[in-house]
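All remarks here apply to the structure that follows.
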Amino acid sequence: MAVKDRVAIVTGAGAGIGEAIAKLLASHGARVVINDIFEDRCERVAEEIRQTGHDAMAAVGGVSDREAVSAMMRRTADRFGKIDILVNNAGIGKNRGLMKLSDEEWNAVLDVNLKGVFVCSQTAAGYMRAQQYGRIVNISSRAWLGWYTQANYAASKGGVVSLTRTLALELAKYNITANAVCPGMVETAMGRGQNPPEIMERLMKAQPMGRLGQPEEIAWAILYFASDEAWYVTGQTLFVCGGKSLFATPDLG
Amino acid sequence: MSVARRAALVAGAASIGRAVARTLAGAGARLAIVDADHDRVHRVVSEIADAGAEAVALVADVGLPGEADRTVAETVERLGGLDILVTTFDVGRDEEFLAMNLEQWSTAIAGNLTPLFLICQAAARHMAERGYGRIVNVSARDWLGWDRRANYAAAKAGVVGLTRSIAWELVSRGITANIVAPGWIDDERARSLPEVVRSELAMQPIPKLGSPEDVAHAVLFMAADEAGYMTGQTLYVDGGRSVFSSLTA
């Protein structure tokens, strides 16, 4: 799984899955740019990575803000000389039953989860095309298959899948691959913060494996797609969801 | 990475099986390789020995009654366990559907699917007892359906259905079961069909042949300890060609 000396940008890397991805890539020798909208989180993760003897740079900014994204990519190229790997991980959720879902809730989720992937991918692909090398890995979600109270989230993540497949087709000739990972329920601070322990317990028991995924287990799939050796793999959608995509039924939560 | 010290059985020692065995051995797994062809399996084992690793050669046709059980028992005895099973059966003769005869049909089913059922069951029985297992079955992108390959496509679709069923039934037993589906790979078949390959590759997003090592790398990814939250999945190593087909998540 070679990512050694590759330069990787991970969006939404200030916590949870993104943090795990950044740390795993760094531990395999990649130089990592830690993007998040929270500056303190960017700095903390970057500093923790540096303390393990690897190179990391904090880059605060929103993923759908074209100017901010351009500036981040420019800084990355100035500092590290190239952009090899882009992991579009930043995402938000605003769950609400369909009949009550507002335009604001729809737009906010689509803006970060889908437009953010478009803007970051397009900008990074400019650098990757010039280098004739690139790995784009997008974090979709098992929920793109459709889920209760997630019309906005599911649509955004479904959009990520079709965008990924189109990136794969259009960018293949520049030696750029694009793949998507679809996590199921993952144990993150965000999830624990939002749910009381008894709800977390119930969610866990409702998973086919009887447990939630760990951020590191999602990061493992990103490392694969980001590696040199995965050059022949593009346009793929891989579920890392404890088997739930096999036979998702409502009573599995 | 995380197949180190694991006991792995690779079934099939042709091009992809050979690459898988060498890759797993290189990553530190303890290895047994089974093939019906005595010379083929011993050749791979001596290559691995030359590279400074170790592997056990087993000669058996695991599609025959009792042979899969014997193979798994011998693997467990020689390696002290069985954590990882990778199957790479690949039998199929190209023929137009309208001309395909029963023998060609039966050869593909018997060569790809029957040994798969038997070896997966024998291995999974052992793994279920221990509460840990990684099964990776090599199917083919052709399972989506392709010219002159009705027998092969049906058998390779069977690989997907069987693997997903194993994944679901054993999801609570610590066993994952996943599928790698290669597209055009630089192997004997591709080399025997230069004209077909040329026109096929022209239609691929990545217009090149993959290597057996590319497939092995995907197998290694799915066979690792860290891949424990992923089961029942199909990963295409096919230069992006499957993007032109509908999603089969």
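The values are calculated or read from the model by the stated rules, or taken from the named source; none is laboratory data. Quantities reported herein were computed from a predicted structural model and do not represent experimental measurements. For neighbour counting, all protein chains shown are included, and Cβ atoms are generated from backbone atoms with ideal geometry for every residue, glycine included. Surface areas here come from the heavy atoms of the whole protein model, side chains and all, with no ligands, DNA or RNA. Shrake-Rupley method; radii C 1.70, N 1.55, O 1.52, S 1.80 Å.
Between residue A:107 and residue A:71, what FRET efficiency comes out of the Förster formula 1/(1 + (r/R0)^6) with R0 = 22 Å and r the beta carbon distance, rounded to 0.05?
Taking R0 as 22 Å, the efficiency between residue A:71 and residue A:107 is 0.40.
Counting other Cβ atoms within 10 Å of each Cβ, which trypsin sites (Lys or Arg not before Pro) in the range B:32-93 have at most 16 and sit in a DSSP loop?
Answer by residue number: B:93.
Using θ = phi - 60° and the Karplus form 6.51 cos²θ - 1.76 cosθ + 1.60, what ³J(HN,Hα) does each residue of the range A:13-30 get, whole Hz, x for Gly and Pro?
Taking θ as phi minus 60°, the curve returns 8, x, 6, x, 5, x, 4, 5, 4, 4, 5, 5, 4, 5, 5, 9, x, 6 Hz for the range A:13-30.
Can you give the charge dipole size of the range B:49-92 about its Cα centre, rounded to the nearest 20 debye, using +1 on the beta carbon of Lys and Arg and -1 on the beta carbon of Asp and Glu?
So the dipole magnitude of the range B:49-92 works out to roughly 60 debye.
Residues of the range A:1-40 losing 40 Å² or more of accessible surface, assembly versus chain alone, probe 1.4 Å, please list them.
The answer is A:1 - residues whose exposure falls by at least 40 Å² when every protein chain is included.
Any chance you could check the range B:171-214 for residues losing 20 Å² or more of accessible area when the partner protein chains are in, compared with the chain on its own (1.4 Å probe)?
SASA drop of 20 Å² or more in the range B:171-214: B:171, B:205, B:206, B:208, B:214.
In terms of modelled amide H atoms, which long-range or inter-chain residues lie less than 5 Å from the amide H of residue B:32?
Long-range HN contacts for residue B:32: B:8, B:9, B:10, B:56.
Check residue A:33: other-chain or 5+ apart residues with amide H under 5 Å from its amide H, H built from backbone geometry?
So residue A:33 has HN proximity to A:8, A:9, A:10, A:57.
With +1 on each Lys and Arg Cβ and -1 on each Asp and Glu Cβ, how big is the dipole of the range A:7-241 about its Cα centre, in debye rounded to the nearest 20?
Value, rounded to 20: 460 debye.
Which whole-number percentage describes the relative contact order of chain B, with Cα contacts under 8 Å and a sequence gap of 6 or more?
Values: 489 pairs, mean separation 48.2, N = 249.
Relative contact order here is 19 percent.
Ignoring ligands, DNA and RNA, what percent of the accessible area of the range B:7-237 is carbon or sulfur (1.4 Å)? Don't skip to the end; give the middle numbers.
Values: 4800 of 9200 Å².
Exposed carbon and sulfur together represent 52 percent of the surface.
How big is the charge dipole of the protein assembly as shown about its Cα centre, in debye rounded to the nearest 20, if each Lys and Arg gets +1 on its Cβ and each Asp and Glu gets -1 on its Cβ?
740
Tell me, how many Å apart are the Cα centres for the range A:146-199 and for the range A:81-140?
9
Return the Cα extents of the range A:47-107 along principal axes one, two and three, sorted largest first, each rounded to a whole Å.
50, 27, 18
Chain pair A, B: how much accessible area is buried, both chains summed, with a 1.4 Å probe, in Å² to 100?
3500
Divide the volume of the convex hull of the Cα atoms of the protein assembly as shown by its number of residues and quote the answer in cubic angstrom per residue.
Normalising the Cα hull of the protein assembly as shown by residue number yields 153 Å³.
With springs only between Cα atoms under 10 Å apart, run a GNM on chain B and tell me which of B:179, B:48, B:135 wobbles the most.
Between B:179, B:48, B:135, it is B:48 that shows the largest mean-square fluctuation.
Amide H neighbours of residue B:211 under 5 Å, at least 5 residues apart or on other chains, H built in the peptide plane: list them.
B:186
Taking only protein heavy atoms and a 1.4 Å probe, what accessible area per residue, in Å², does the protein assembly as shown have with all protein chains in place?
40
Residue-wise, which Karplus ³J(HN,Hα) couplings in Hz belong to the range B:179-192, taking 6.51 cos²θ - 1.76 cosθ + 1.60, θ = phi - 60°, and x for glycine or proline?
Working through the residues one at a time gives 10, 10, 10, x, x, 6, 10, 6, 9, 4, 5, 4, 5, 7 Hz.
Identify the GluC sites (Glu not before Pro) of the range B:67-175 meeting these criteria: DSSP loop state and at most 12 other C-beta atoms within 10 Å of the C-beta. Please report the intermediate quantities before stating the final value.
Working: sites: B:67, B:74, B:77, B:95, B:96, B:103, B:129, B:169; in loops: B:96.
For GluC sites (Glu not before Pro) across the range B:67-175 that sit outside H, G, I, E and B with at most 12 neighbouring Cβ atoms in 10 Å, the list reads B:96.
Alpha carbon centre of the range B:61-111 versus the range A:1-39: separation in Å?
42
On the accessible surface of the range A:7-241, probed at 1.4 Å, how many percent belong to carbon and sulfur atoms?
Of all accessible area on the range A:7-241, carbon and sulfur atoms account for 53 percent.
Show me the trypsin sites (Lys or Arg not before Pro) within the range A:1-92 that DSSP assigns to loop and that have at most 14 other Cβ atoms within 10 Å of their Cβ.
Numbers: sites: A:4, A:6, A:23, A:31, A:41, A:44, A:50, A:66, A:74, A:75, A:79, A:82; in loops: A:4, A:6, A:82.
Answer by residue number: A:4.
Run the numbers on the range B:225-243: which residues show a drop of 50 Å² or more in accessible area, chain on its own versus all protein chains together, using a 1.4 Å probe over heavy atoms?
Listed by number, the residues meeting the 50 Å² cut-off are B:226, B:229, B:233, B:235, B:243.
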